[in-house]
Amino acid sequence: MQTDFIQKCEEFAKNNFSLSELRPAQREVLAQIYEKRFVIATLPTGAGKTLLYTLPALFFENEPVLVISPLISLMRDQERRMSEASIPCVIFTSEQSEEERKESWNKLKSGEAKIIFASPERFVLPSFINAISKINLGMAVVDEAHCVVAWGHNFRPEYSEIGKILTKLQPPRILAITATAGRNSRQDIIKRVFPENIQVTEYISKPLAENIFVESHRVFSIEEQWNKLVEILKDSNSQKILVYFQSRILCEDSVRKLRKLKIHSVAYHAGLPKLERKSVEQYAHDTTQKTVICATTAFGMGIDVSGIRLVVVYGFPSNIEEFFQMLGRGGRSGEPSKGLLLWTGSDPIKREFQFKSSFPEPSLFLELSALFIRFMPTHFGESCFVNKNDLLEVIKTKKEQDKLKKLENIIAGLRICNALEDTRTGDTYYIIKVAAHLTFIDILAGLPEGITKRKKILDGLTSLVEKCWLSLRGGQCVVSLKKLMDASEMNVTSCEQVFLHYNEQKIINFAKIDNEQAKQGVILKNGYAHLQKELPRYISARSHFHASLRELDKLSTSTTCRLSASFEFFAPRHIQGASKNIWRCMQCDICIRKRTE
Ligand SMILES: [Zn+2]
């Protein structure tokens, strides 16, 4: 039966996705899905992850597959590919219109749709969970599952809710898919995505696709580093070359200097306006002229530029996971691609220093956070908005310019410990404070019957805050307007009318923070006592980052195979050490040189 199933899958893939055969990794994961196992699959970019849920979806009868995907652009891209292969699917995001959403639900209820794509923001809404629980799912898929890792730079708070909701929904199969993720990151994903006490099968392939070749080149000065880069760019016969720089400034400067040398280049970083970034992406995708894309790590998830056959990493990235993700941007259609680390002797020292300043010792971190006690809420479940300038004032440093850096580091640590929420997205927020003699439950109980607008909004708010907040007397919380509108399915005018009503009655104190003000501050959550309890998260994130940075040291200075050590870093615990010095990767410059000698 299992082989029948895989054969059917392969047949379909051949006919509709122009593949000659399934890859071994795909076969293995598909077999596990068939057996109704709970699977986490770690596959490098370009390994054909989409097929892992598309193919089973076709053969589950009346049981659609739900896919939670972090980026709208990714979903739209998948939708396009599905329709090319005539696979009916629906999409649910926060950005679509009421009309579109209704159409999606109708298509789903009629049993037509095979695949349901949902953004995490939509997935966590009670109304969505309620509706989806009435449908028999064949499988739930969490795509780009590394977004669940609180210390990763792709972290999405809504992703941490997924596990709890899937426990309620009880789909017969769950598949978490991620690209490059070290052992610790994978453990974190398992903990947060899958229901508790469930046997999860790990499928891990090499962290780097087999068509990517790795080289490390050490230089002795910054001038030499630049000259070497220019030489490499001139010599390369790759149509598109991607160069990763450590900062936006370096990125911009390099473009200017390369243009002077008549080397055609474009810049890509998060400092560019969204539209400009989009047009650079489009240009990089379409161009037939030899082009050097000078980028920062912003050139990452959700960007699909094929034809890059050389990726140069200029200076040490922050760790081995980041390095492999960068290299994975090359060779996306399976063509051979080279990844080159171009570094100077001071890079490792600089990185170590940066690590220590951005991740202070745990005891020091607690001490630093204690400076903010007066701004923090008193109880678990509460949250409050604080202006960054107020936080800066209590930080002591010898040099004034170090203050901001220090603040950013404390903020990063607080975020890992779930004691802080970002306001960087530029949302509008409401500060809501219940009158001192009341709890939120009292307010809910006092709702007159039949008034649905108030009820809808209060229910929406309930779904966004920690449950214990509801029974706090005089509790305070800060919620995003966008999320509240989404959760209550009410517009901004209705939301404000309701709160103004309660404001007049002196039941709720309500204030608004507009998006410009919001960007100037942060939301602190849960109080200092909670932070102390969450410290282990900080400690494990810190040690993970350090280990991952050490792997980069090993790779760059190795005199034997460069990749065997780091492949072990990604391997599951039980085979750790087993491959020591025995094998050659045949993907690194040292192995390849040895073969030709
Ligand atoms: Zn090797």
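Here, each number is a calculation from the coordinates, and none is a lab measurement. Computed from a prediction, not measured in an experiment: that's the story for all the values here. Methodologically, a virtual Cβ is constructed for each residue, glycine included, from the backbone with ideal geometry; neighbour enumeration extends over all protein chains shown.
In deg cm²/dmol and to the nearest 500, what is the mean residue ellipticity at 222 nm of the chain if only DSSP H runs of at least 4 residues count, each as -39500 (n - 2.57), divided by the residue total?
Rounded to the nearest 500, it is -13500 deg cm²/dmol.
How many nm is it between the label spots at residue 134 and residue 482, if each spot is 7 Å from the Cα in line with the beta carbon?
Modelled inter-label distance: 2.9 nm.
Once you list every other residue whose beta carbon is under 14 Å from the beta carbon of residue 362, what net charge do they have if Lys and Arg are +1 and Asp and Glu are -1? Working shown, then result.
Numbers: positive: 356, 533, 537, 542; negative: 361, 367, 534.
Here the count lands on +1.
Report the full-extension gain for the segment residue 35 to residue 349: residue separation times 0.36 nm, less the Cα-Cα distance, to one decimal in nm.
So the chain would gain 108.1 nm between residue 35 and residue 349.
Of the peptides 207-217, 397-407, 369-379, how do they stack up when ordered by the mean number of other Cβ atoms within 10 Å, highest first? Could the numbers behind the result be given before it?
Details: 207-217: 20.3, 397-407: 12.1, 369-379: 17.1.
Ranked from most to least packed, the peptides come out as 207-217, 369-379, 397-407.
How would 34, 159 line up from fewest to most surrounding beta-carbon atoms within 10 angstrom?
By the 10 Å Cβ count, ascending, the order reads 34, 159.
Sorted from largest to smallest, which semi-axis lengths in Å does the alpha carbon gyration tensor of segment 429-513 give for its equivalent ellipsoid, taking the root of 5 times each eigenvalue?
Computed over segment 429-513, the values are 17, 14, 13 Å.
Net charge near residue 319: determine it from the other residues with C-beta under 11 Å of the C-beta of residue 319, scoring Lys and Arg +1 and Asp and Glu -1.
Charge balance in the 11 Å sphere: -2.
Quote the FRET efficiency, to the nearest 0.05, computed for residue 489 versus residue 4 with a Förster distance R0 of 41 Å and r equal to the Cβ-Cβ distance.
Values: r = 45 Å, r/R0 = 1.09.
The value I calculate is 0.40.
Sort 124, 492 by Cβ crowding within 10 Å, fewest neighbours at the top. Could the numbers behind the result be given before it?
Numbers: 124 24, 492 12.
The fewest-first ordering by Cβ neighbours comes to 492, 124.
Sum up the charges of everything whose Cβ sits under 10 Å from the Cβ of residue 74, counting Lys and Arg as +1 and Asp and Glu as -1, but leave residue 74 out. It would help to have the intermediate numbers written out before the result.
Numbers: positive: 76; negative: 77, 79, 143, 144, 304.
So the environment of residue 74 carries a net charge of -4.
Please list 303-313, 282-292 highest first by mean number of surrounding beta-carbon atoms within 10 Å per residue.
By packing density, highest mean first, the sequence is 303-313, 282-292.
So for 499, 155, fewest C-beta neighbours within 10 Å to most, what's the order?
155, 499
Evaluate Rg over Rh across the chain, taking Cα atoms for both radii and Kirkwood's formula for Rh.
Looking at the chain, the ratio lands at 0.97.
Do the alpha carbons of any pairs in 278/456; 102/506; 164/406; 433/483 sit beyond 28 Å of each other, and which pairs?
278/456; 102/506; 164/406, as the Cα separations exceed 28 Å there.
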